[in-house]
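Report on one structure; see the data block that follows.
The values are calculated or read from the model by the stated rules, or taken from the named source; none is laboratory data. As the structure is a prediction and not an experimental result, all values here were calculated from the model. Counting neighbours? That spans all protein chains shown, and the Cβs are built from the backbone with ideal geometry, glycine included.
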Amino acid sequence: MEKWLTLGSLIICCLLLALFVLDIVVGFPFGRSIFLDICAMLAAAIVAYLSWDVYREIT
C-alpha cells in the first residue's frame, strides 16, 4: 500500500508541476501570477522528490 501512496503523490505532484508551467507559458488557468507559479512549482518539486526518495527506500 505504501508504494501506491508514494506513486500517487508523485503523479499528482508531476501533474501540478505541469499545470503551473502551463500557467506561466499560457496564462491559463490561474492568470499568470509568476510568484505564485514559481512557489507552487517549487513546492510540487520538493514533494515529488520526497515521494521518489521514499519510493526508492520502500523498493
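Things worth noting here:
- Pairs are defined by a Cβ separation below 6 Å, a sequence spacing of at least 6 or placement on different chains, a first member in the range 48-59 that is over 13 Å from Cys14 (Cβ atoms) and in contact (Cβ under 8 Å) with a residue 12 or more places away in the chain, and a second member that is of a type outside the set (Gly, Ala, Ser) and surrounded by fewer than 12 Cβ atoms within 10 Å (Cβ to Cβ); the pairs so defined are Ile58/Glu2; Ile58/Lys3.
- Those residues of the range 21-42 which are modelled with pLDDT of 95 or more, of a type outside the set (A, V, I, L, M) and either under 22 Å from Leu10 (Cβ atoms) or surrounded by 13 or more Cβ atoms within 10 Å (Cβ to Cβ) (or both), in sequence order: Asp23, Asp37, Cys39
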